[in-house]
Structures are given as structure tokens and as C-alpha cells.
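A short worksheet on the structure shown next.
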Amino acid sequence: LRSELDNVERLTLVGQMAAGITHEIRNPMAVVRGFLQLMQEKSSSELDSYYQIVMEELDRANSIINDFLSLAQSRITDKEEVLLHNIIEDLGPLLWADANLRGQSVELKLPPSLPLLQLNVREIKQLILNLGRNAMEAMGDKGVLTLELRSVPGRVEMTVRDTGSGIPETQRDKLFVPFYTTKSQGTGLGLSLCLSIVERHNGTIQVESEEGKGTTFIISFPCGQEEMGTFALAE
Ligand code: ADP
Ligand code: MG
């Protein structure tokens with residue numbers, strides 16, 4: 001128990017430091033961005049493409065800082081008893097809007113009754129949005145993102161399926177490594193964050209993928225008494 005407490009405190013400290021540092025970095029970056037915009041307005045069009053690149057790189061650095069902050073602030077979080085169902089429905093409009101802009105569509109397959117789960121709502125939203133965004137980025141227009149829930153004994157399974165490019169076999173074990181990305185504007189932190197969220201919920205995450213056909217992420221959350229039983233024994 002002692003070392004567990006140490007762990008919690010250490011994580012909190014890392015989270016606090018990360019918050020402090022990212023705040024101190026984000027502020028000067030916002031100032032730089034603002035002045036760049038002013039300089040662009042006053043300068044010749046010859047330099048436009050340079051400004052474009054500088055802005056994009058600033059934005060990318062900002063994304064990395066934001067994702068890193070989420071990752072570093074991960075700790076044993078408050079959970080409440082909720083229906084995963086409701087969280088997904090809440091996110092529906094956001095996903096649809098994103099997909100619409102890309103000429104893609106989103107399908108939700110949510111069975112009417114599913115067991116309650118112990119979840120941190122904020123983190124689960126982040127998980128779904130990260131997986132959804134990756135899916136959309138892997139698909140062209142007409143792509144379909146499907147979110148599906150399924151109840152299996154002792155667990156609830158959530159699948160996030162896309163009709164995108166798929167992931168080559170050789171890349172599959174690198175997916176969850178921090179900073180691994182194949183995108184020019186990627187941070188490579190999205191899936192690391194997803195994995196840490198799933199682990200904090202005592203869940204599992206699996207990937208199935210076929211090149212040129214699409215990718216499916218399967219996340220499984222424990223529900224009900226089973227988990228409590230193991231805790232009681234461990235005490
Ligand atoms: P990022 O999205 O910033 O690149 P992630 O950690 O979210 O970082 O994803 C890491 C890499 O995994 C991506 O760069 C991409 O190559 C691959 N990937 C993740 N999700 C998918 C998907 N649904 N389809 C195809 N490739 C994916
Ligand atoms: Mg991503």
C-alpha cells in the first residue's frame with residue numbers, strides 16, 4: 001500500500017510539473033503566433049509560404065504539448081457509474097460534424113440495454129475522440145466510421161471500426177509507443193494516451209487491421225462483481 005501511495009503522489013507531482021511547464025511554453029508560443037500574423041499582414045506575398053510553414057509547425061508543437069499534458073496528468077482518476085452508451089451519444093454531434101467536413105459518415109450501433117460501468121467520463125470521451133479522429137484521418141471521403149457496443153459476460157466491448165487505409169503488419173507493435181507517428185502533422189501521442197486510459201479502467205485494447213480495407217480497435221471494459229471479487233481477495 002505504501003508504494004502504491006508513493007506512486008499516486010509521484011504521478012500527481014509529474015502531472016503538476018507538466019501543467020506548469022506546458023503553461024509556460026504555451027503562453028510565449030501564443031505571443032509568437034500573434035506577432036507572426038501581424039508580420040504576415042505587413043509583409044510581401046513572397047514570404048507567405050514561409051509564414052504558412054512556421055504557423056503549421058507552431059500548431060504542431062502546440063498539439064504535442066496538449067497531448068503530452070493529457071498523458072502526464074493521467075492518474076488514478078475519479079470514476080462514476082455510467083452507461084457508455086450515453087457517453088457515445090453525447091459525442092455523436094461532434095463526430096458527425098467532423099466526419100461531414102471530410103465527406104465521411106458515422107454509424108452508431110448501440111444496443112438498448114447494457115450494464116453500468118465504472119468510468120471516468122472525461123477520459124472515455126478523450127479515448128473515443130482520439131480513436132475516432134485517427135479513423136477519419138485514415139479514410140478518404142465516403143469513409144465510414146462505426147462505433148459499436150456489445151455486451152459479453154462480465155464485460156462490455158466497444159469497437160471502433162473504419163474503412164480506411166489499414167495498418168501494415170510491421171507497424172502494428174509500434175502503434176502505442178509514444179511519439180510514433182506516420183503523419184507529417186501527427187504527435188504520435190494519441191494512442192499512447194488511449195492505452196493509458198484503457199489500462200486505468202482495467203480494460204484491454206486490441207487492434208485488427210487489413211491493409212487497404214480498414215482497421216478495428218476493440219476495447220473491453222470489465223463490469224459487475226467479477227472485478228470487485230478479485231480486489232477483495234487481493235486485500
Ligand atoms: P498520430 O495520430 O498523431 O499519428 P497516434 O498515436 O494517434 O498518433 O497514432 C499513431 C499511428 O498509428 C498513426 O500515425 C497511424 O500511422 C497509425 N494509426 C492509428 N490509428 C489508425 C487507423 N485507424 N488507421 C490507420 N492507421 C492508424
Ligand atoms: Mg492520433
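Please treat every number below as a calculation from the coordinates, not as lab data. All values derive from a computational prediction rather than experimental measurement. Note: ideal-geometry Cβ built from the backbone for every residue, glycine included; neighbour counts use all protein chains shown.
A few points about this structure:
- If you take the alpha carbon atoms of the stretch 73-168 and fit the smallest convex hull around them, that volume is 123 Å³ per residue.
- With a cut-off of 13 Å between beta carbons, the residues surrounding Ala61 carry a summed charge of -1, where Lys and Arg count +1 and Asp and Glu -1.
- Taking the longest Cα principal axis of the chain as reference, the axis of helix 48-72 is set at about 20 degrees.
- The chain: calculated mean residue ellipticity at 222 nm from DSSP helix runs of at least 4, using -39500 (n - 2.57): -18000 deg cm²/dmol
- Global form of the stretch 22-140, assessed from the alpha-carbon gyration tensor, a/c cut-off 1.5: oblate
- The stretch 142-193 - convex hull of the alpha-carbon atoms, volume per residue in Å³: 126
- Largest-first principal axis extents, alpha carbons of the stretch 95-135, Å: 34, 23, 14
- Of all beta bridges that DSSP places with both ends in the chain, some 85 percent have antiparallel geometry.
- Cα long-axis angle, helix 2-42 against the chain (0 to 90 degrees, to the nearest 10): 30
- Cα-based convex hull volume of the chain per residue, rounded to whole Å³: 153
- Dipole axis of the stretch 41-150 (+1 Lys, Arg; -1 Asp, Glu on Cβ), positive-most option in Tyr51, Asn62, Leu91: Leu91
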